[in-house]
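To start, the structure itself, in structure tokens.
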Ligand SMILES: [Zn+2]
């Protein structure tokens, strides 16, 4: 089972990918991680990438494909792969089909964790944590029982992440749409795209993802 997992920042993609790895033995492959690893290990393609990067150049699609190919040849990918951050273009999507096909594999699903932008802004901008113990709170959904006092450690200092503001969230959503726009139509035309409701509870999102993985084409 090989999938591409898509979702804007804040949709909980990382959490879901971690669960798929822990519970299903799938391996998440992000291009950045694979590249760093290949360079560190000095694989044949890693050495090529290193030379390009050291000369200040951009790593080409061919090199990225080579690195993914090397990674797919390792046995820990047998139970399935979750592609993260790749492909970004139609050419890369076609290259990925080739890489999988050469190995007798295929891409089974493209799963998008979909969010409602306004609801996401509401969810992210309202959150804050206890400065002492890190307990999470939310302006609207989870206030401390006693005003201004942490339920867990009785601390009275709270903090917000500077990135948790509406403008940043909307900018990231726009970036996400721009990044996925080139590849979604390619996969939609082949009936591979499924969407799950990313505003649901974490467990419900995970259950929806499993239903797609286990349900095959009929679940789409
Ligand atoms: Zn606390």
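Between residue 105 and residue 197, how high is the FRET efficiency from 1/(1 + (r/R0)^6) when r is the Cβ-Cβ distance and R₀ = 30 Å? Nearest 0.05.
Here the calculated transfer efficiency is 0.55.
So, in nm, how far is label residue 146 from label residue 89 when the simple model puts each one 7 Å beyond its Cα toward the Cβ?
Distance between label points: 6.0 nm.
Take the Cβ-Cβ distance between residue 74 and residue 40 as r, set R0 to 22 Å, and report the resulting FRET efficiency rounded to the nearest 0.05.
The calculated FRET efficiency here is 0.90.
Which stretch or stretches of segment 170-188 have amide N atoms under 20 Å from the point lying 7 Å from residue 117's Cα along the Cα→Cβ direction?
Within reach of a label on residue 117, which here means backbone N under 20 Å from a point 7 Å along Cα→Cβ, segment 170-188 contributes 170-185.
Picking from 44, 185, 75, which is most flexible by a Gaussian network model of the chain using Cα springs under 10 Å?
Highest fluctuation among the options: 75.
Share of antiparallel DSSP beta bridges in segment 92-220, in percent to the nearest 5?
Counting only bridges with both partners in segment 92-220, antiparallel ones make up about 60 percent.
Can you compute the helix-only [θ] at 222 nm over the chain? Use -39500 (n - 2.57) per DSSP H run of at least 4 residues, normalise by all residues, nearest 500 deg cm²/dmol.
-14000 deg cm²/dmol
Roughly speaking, what is the stretch gain from residue 133 to residue 160, that is 0.36 nm per residue apart minus the C-alpha to C-alpha distance, in nm to one decimal?
Value of the extension gain: 8.4 nm.
Just to be sure I understand: with springs between alpha-carbon atoms less than 10 Å apart, which residue in 94, 157, 175 has the highest mean-square fluctuation in the Gaussian network model of the chain?
In this elastic network of the chain, the residue with the biggest mean-square fluctuation among 94, 157, 175 is 157.
Express as a percent, rounded to the nearest 5, the fraction of DSSP beta bridges in the chain (both residues included) that run antiparallel.
30 percent
When the chain is modelled as a GNM with alpha-carbon springs shorter than 10 Å, which of 141, 186, 176 fluctuates the most?
Largest GNM mean-square fluctuation: 141.
Note the full-extension length gain between residue 18 and residue 167 as 0.36 nm times their separation in residues minus their Cα-Cα distance, in nm to one decimal.
Extra length from residue 18 to residue 167 when fully extended: 50.8 nm.
Taking only Cα atoms, what is the 0 to 90° angle, nearest 10, from helix 166-180's long axis to the longest principal axis of the chain?
Computed tilt is about 20 degrees.
Throughout, read-outs are computed from the coordinates displayed, never taken from laboratory work. Values in this document were obtained by computation on a predicted structure and should not be read as measured data. Cβ: placed from backbone, ideal geometry, glycine included. Neighbour counts: every protein chain shown.
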